[in-house]
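Visitor: First the structure, which I've put down as structure tokens, then a few questions once you've had a look.
The values are calculated or read from the model by the stated rules, or taken from the named source; none is laboratory data. Remember, predicted model here, so these are calculated numbers, not experimental data. Cβ placement follows ideal geometry from the backbone for every residue including glycine, while neighbour counts extend to all protein chains displayed.
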Amino acid sequence: MTIGKSDIGKSGDRGPREFKSHHVEKDGNVMLFAEKNVITTHALNSIKNVAKLMKENDFRRIPVTDAGTNRLDGMAIAIDILDFLGGGEKYNIITKDYGGNFLSAINCPITKIMNPDPCFVDKKASIDDVIDVMIKKKTSAIPILEDKDTREVIGIVTERDVLPAAGNLGIPVRDAMSKKCITSSLGMMISDVSKIMVRNRLRRLPVILDDELKGIVTVFDVLRFLGHGEFRGINAEEVLSKTRVEDIMEEKVITLKPEDDLAIIPKMVKETGVGGFLVVDEGRIEGIVTTSDVIKCVYHEKKQGGLRIK
């Protein structure tokens with residue numbers, strides 16, 4: 001079994017697979033959990049097209065493969081596209097190589113910003129191996145390769161595939177949520193929100209006004225805005241600096257209570273397709289809980305021998 005450095009992600013509408021008692025120690029069972037019809041892109045595809053592919057399929061990560069051999073060459077990641085389009089250090093590529101011309105930059109090949117050395121496992125891996133990599137490398141999905149030599153992609157396992165399916169876990173949401181919750185205001189510009197997301201590697205920010213929750217803005221909201229061409233001018237910084245968060249945010253926000261059992265999250269992920277939820281108590285934001293938080297909390301409890309999923 002080979003484990004390598006890789007980072008792939010697919011967040012489609014598949015629901016969580018059931019672990020039952022989490023008896024997943026046997027090597028080679030990773031393919032029982034894997035999605036075998038993997039959507040990939042090729043190295044010369046444009047950043048604009050890859051962003052569109054992500055939005056259409058609700059993927060945060062897409063493997064970049066050789067068109068002939070399906071060999072894993074790298075990983076396209078949504079937050080890196082946002083970084084490139086004005087949120088972070090990768091924006092320097094636009095200014096250096098394209099003179100700040102946004103329209104030219106979004107049509108450059110994905111190889112400009114892809115991760116060329118993503119994490120992966122081969123088909124002999126166990127699902128526990130995959131979860132270990134997800135937690136240690138902070139990645140939401142892992143590509144499965146035929147072997148380390150050919151690097152042929154034969155499957156992918158995402159966080160949603162390994163979410164525990166149970167009626168009750170006996171763990172309150174407050175024990176798994178992140179209490180530090182960075183927020184945005186209604187009047188904040190997209191450029192500022194993008195920088196916050198990139199700097200903190202966040203996929204979503206709650207939008208507030210006078211401590212009242214008004215909506216939520218995600219990486220995909222920004223990419224959707226850019227992909228639809230709903231802007232004027234060709235300078236990337238200007239594109240992101242002339243539109244406010246309130247113009248692209250989602251007003252309907254799904255929330256949880258701190259005392260809710262953690263088992264509710266896999267069910268809500270399956271029903272809504274959303275991977276993260278704000279935790280609110282009496283109108284006040286207490287934190288945010290994601291699929292990553294659920295897996296880390298449940299897997300830790302399982303390894304400590306304190307959890308029995310039925």
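Visitor: Do we find a residue being of a type in the set (Lys, Arg) and under 17 Å from the mean Cα position of the chain (by Cα) anywhere in the stretch 60-78?
Guide: Yes; the residues of the stretch 60-78 include at least one that is of a type in the set (Lys, Arg) and under 17 Å from the mean Cα position of the chain (by Cα).
Visitor: Take Val157 and decide whether it is among the aliphatic types (A, V, I, L, M), buried (at least 24 other Cβ atoms within 10 Å of the Cβ), within 28 Å of Ile264 (Cβ to Cβ) and touching a residue at least 40 places away in the same chain (Cβ under 8 Å).
Guide: Taking the combined requirement at face value, the residue satisfies it.
Visitor: Same structure again: Given the residues Lys136, Lys148, which is the only one that is more than 26 Å from Thr255 (Cβ to Cβ), without any contact (Cβ under 8 Å) to a residue 24 or more places away in the chain and surrounded by fewer than 16 Cβ atoms within 10 Å (Cβ to Cβ)?
Guide: Lys136
Visitor: Sort out which residues of the stretch 99-134 are within 24 Å of Phe220 (Cβ to Cβ) and part of a helix (DSSP H, G or I), and write them in order of number.
Guide: Within the stretch 99-134, Phe102, Leu103, Ser104, Ala105, Ile110, Thr111, Lys112, Met134 qualify.
Visitor: Hey, can you tell me all the residues within the stretch 57-91 that are in contact with a Phe, Trp or Tyr (Cβ under 9 Å, 6 or more places away or on another chain), part of a helix (DSSP H, G or I) and modelled with pLDDT under 85?
Guide: Leu85, Gly86, Tyr91
Visitor: Can you tell me which residue in the stretch 20-52 is modelled with the lowest pLDDT, limited to those that are among the hydrophobic types (A, V, I, L, M, F, W, C), surrounded by 17 or more Cβ atoms within 10 Å (Cβ to Cβ) and within 30 Å of Pro164 (Cβ to Cβ)?
Guide: Residue satisfying both the conditions and the ranking: Val24.
Visitor: Then there is this: Which condition number in (1) out of contact with any Lys or Arg (no Cβ under 8 Å at 6 or more places or on another chain); (2) outside any loop (DSSP other than H, G, I, E, B); (3) within 29 Å of Pro116 (Cβ to Cβ) is the one that Val153 fails?
Guide: (1) is the only condition that Val153 fails.
Visitor: OK, next. Which residues, taken from the stretch 92-112, are closer than 20 Å to Arg201 by Cα and modelled with pLDDT of 90 or more?
Guide: Ile110, Lys112
Visitor: Cβ-Cβ under 6 Å, sequence separation 6+ or interchain: first residue in the stretch 82-98 and touching a residue at least 12 places away in the same chain (Cβ under 8 Å), partner buried (at least 17 other Cβ atoms within 10 Å of the Cβ) and hydroxyl-bearing (Ser, Thr, Tyr). Which pairs?
Guide: Leu82/Ser194; Gly86/Ser191; Gly86/Ser194; Gly87/Ser194
Visitor: Over 18 Å from the mean Cα position of the chain (by Cα), in a helix (DSSP H, G or I) and at pLDDT below 95: which single residue out of Asp192, Asp147 fits that description?
Guide: Step by step, each of Asp192, Asp147 is checked, and only Asp192 is over 18 Å from the mean Cα position of the chain (by Cα), in a helix (DSSP H, G or I) and at pLDDT below 95.
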